[in-house]
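Engineer: Dropping the structure in here first, questions after.
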Amino acid sequence: MRRTSLKTAKCPVARTLDVVGDWWTLLIVRDALKGVRRFGEFQKNLGMAKNILSARLREMVAAGIMEMRPAEDGSAHNEYHLTEAGQRLQTVLVALRQWGEQYLFEPGEPMMMAVDRDNEQPLRRIELAARDGRALTSADVMVKEGRAAEPAKSSRRVSQRAR
């Protein structure tokens, strides 16, 4: 069964999920943020079938989340590197991680933790904030129709793959 494309939806959440909405894509981003670069490393770490991994990496490159580069060690291999857009998904992964820490683990249960590299302390919880810095709850937020802002000069729009 073919998924419905959300690439023309007015909702930014829907469009984003059209690009990164399957679990494999976010797990690939997670591993790339940890320094995984080669196809074989992704395959070993994730236990994915090679054909699925190949398709996901190809889609992520086409979408502008990753780019292929020659291996840094000079070998004949290619490596996958996150683009700026791919690196910005770290905030999404931290939000998912923090939600999972709070709702999916029993107290004292072992888990992988995200910590500050400098002092190895856990990250501060992500919270919604108004432009003036006030903390917001879900009751304080509404969604309304508007216009997309101009992207920052360093940002490149991410392509939306066809499904």
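Just so you know, all these numbers are worked out from the coordinates, no wet-lab data involved. For clarity, every value in this text was computed on a predicted model and none was experimentally measured. A quick note on method: Cβ atoms are made from the backbone with ideal geometry, for glycine too, and the neighbour counts reach across all protein chains shown.
Engineer: Among the aspartates and glutamates, which fall within straight-line cross-link reach of residue 10, defined as a Cα-Cα distance under 13 Å, with same-chain neighbours fewer than 8 residues apart omitted?
Structural biologist: Candidates past the 8-residue exclusion: 18, 145.
Engineer: To the nearest Å, what is the center-to-center distance of the stretch 1-67 and the stretch 74-94, using C-alpha atoms only?
Structural biologist: 11
Engineer: Of 38, 56, 125, how do they rank once you tally other Cβ atoms within 10 Å and put the fewest first?
Structural biologist: Going from sparsest to densest Cβ surroundings: 125, 38, 56.
Engineer: Looking at the chain, identify the longest residue range that excludes and avoids all GluC sites (Glu not before Pro) in DSSP loops having at most 11 other Cβ atoms within 10 Å.
Structural biologist: 1-71
Engineer: Among 141, 92, rank each residue by its count of other Cβ atoms within 10 Å, from fewest to most, as a rough exposure measure.
Structural biologist: 141, 92
Engineer: For the chain, what mean projected area does the convex hull of the alpha carbons give, in nm²?
Structural biologist: Value for the chain: 13.6 nm².
Engineer: On to the next question. For the stretch 12-140, calculate the relative contact order in percent as a whole number, restricting contacts to Cα pairs under 8 Å that are 6 or more residues apart.
Structural biologist: Answer for the stretch 12-140 is 17 percent.
Engineer: Right, something else. Just tell me which lysines come within less than 20 Å, Cα to Cα, of residue 34; anything on the same chain fewer than 8 places away is out.
Structural biologist: The qualifying lysines are 44.
Engineer: Now a separate question. Using Cβ counts within 10 Å as a stand-in for footprinting exposure, how do 37, 134 rank, fewest first?
Structural biologist: Lowest to highest Cβ neighbour count: 134, 37.
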